[in-house]
Structures are given as structure tokens and as C-alpha cells.
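Here is the structure we will look at.
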Amino acid sequence: QVTVPSNSQGGRGYIFVVRAAGDGSERAVSNTFTVSGTSGGTVQTYVVQRGDILRTIAARFDTSVAAILIANPSITNPNLIFVGQRITIPAPQSGALVAVTPTGGAAGSQIYVVAGGFPANQNVDVDLGLEGGTLNVVLDARTDSSGFVSKLVTIPSSARTGERWVARVRTTDLAQGVAAISNPFTVR
């Protein structure tokens, strides 16, 4: 059992890393836990303007594309937003965060795995698996100069209705690795 520190900021996502006492190389990373409330900032609505893309909107509001996607499950393609579209902007966010979009669909669906808040210019693995189960590497990637990466992956065609799949992005070259697990994709 873990107690969330009282100074945790509302609206922000946190992960917990558990390491084996005798062997520091054995560890587990939790899914993202979002603290309720808005003490870390207020959630607001933004109307998309001509020329906007999610990365510039995220930078403007000190959050990440992943956080915006989690707050707006109706955005099914992070590369496609429309002038006049109203999107929810979550409280400012720091640290690693991963989102998948869309959040549901048929087995064999292609989904975007979008990660932000990772170290810049680092090799990462993008893993995929059932929520609460083993996650397997599906591709290698590299973060850009701002710690961002976006990749298209496919939910296995053997996935069954009702299953919840998650993606994990984790650094591969750092002694103190960084990892985060996404919101779930539900097979319908």
C-alpha cells in the first residue's frame, strides 16, 4: 500500500516505481495515478485557432500532448484537430506521461502511442500488452529534442472483446530509466 504525498498537485499524473530491496535492477512501474482536485492549476477549455497543433497548444499551457489526449478522448488522431474545436486543457503537467488514442475499437486497430516529458534525444522502447499483464516490446523509437515521441502501433488481431490494452514507453540507455504507462485501449 502506498500513500500519495499530501503535497501532490491536483490534476497531475504520478507513477510509482517499486524496486526489489536486494536487486536494484528488478523493478516495476505503476500505471498513471491522477490526483483529483485542481490545486496544481485549473482545467480550462481552449478553442483551436488556425495554425494550431497539439504540440504548440501543449507548450503554451505548460502541459503535454499526452495529457491533452487523455483529457480529450474524442481526439482520435493527435495530428488532426480542427479550427473551432473545443478541447480541454488539463492543469500544467511535468514528468513522463503516455497516452493512446483512440481509446477503443476493434481488434487489429491502429492506435497512436504519444509520450511526453521524457529525457531529450533518448532511445525508448514502446511496449504493448494487456492491462495488468506482461508488456512486450513492439518497437524501438527515439525521443526528440523536447522529450516527445509519437508512434503508430497495432492492437493484435487476436485481441478479444472487452480486453484492455496499454502501452508503456521506457528509456533504454539510462541507468535511472524513465517509464510511464498509458491510459487503456478497450477492444470492442
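The values are calculated or read from the model by the stated rules, or taken from the named source; none is laboratory data. Note that this is a predicted model, so its numbers are computed, not measured. Neighbour counts run over all protein chains shown; Cβ positions are idealised from the backbone, glycine included. For accessibility, only protein heavy atoms count, side chains too; no ligands or nucleic acids. Shrake-Rupley method; radii C 1.70, N 1.55, O 1.52, S 1.80 Å.
Side notes on the structure shown:
- Those residues of region 64-84 which are open to solvent by 10 Å² or more (accessible area, probe 1.4 Å), more than 14 Å from Ser182 (Cα to Cα) and among the β-branched types (Val, Ile, Thr), in sequence order: Thr76, Ile81, Val83
- Residue tally, condition at pLDDT below 95 and open to solvent by less than 40 Å² (accessible area, probe 1.4 Å), over region 98-117: 1
- When restricted to residues that are more than 15 Å from the chain's Cα centre (by Cα) and at positive phi, region 105-136 contains 4.
- When Ser94 is tested against (1) within 30 Å of Gln44 (Cβ to Cβ); (2) open to solvent by 40 Å² or more (accessible area, probe 1.4 Å); (3) in contact with a Pro (Cβ under 8 Å, 6 or more places away or on another chain), exactly one condition is not met: (3).
- Residues within region 163-188 that are under 16 Å from Gly104 (Cα atoms), open to solvent by 50 Å² or more (accessible area, probe 1.4 Å) and in a loop (DSSP other than H, G, I, E, B), tallied: 1
- Applying the criterion of being of a type outside the set (A, V, I, L, M, F, W, C) and crowded, with 19+ Cβ neighbours inside 10 Å to the residues of region 123-146, the residue that is farthest from Glu163 (Cα to Cα) is Thr143.
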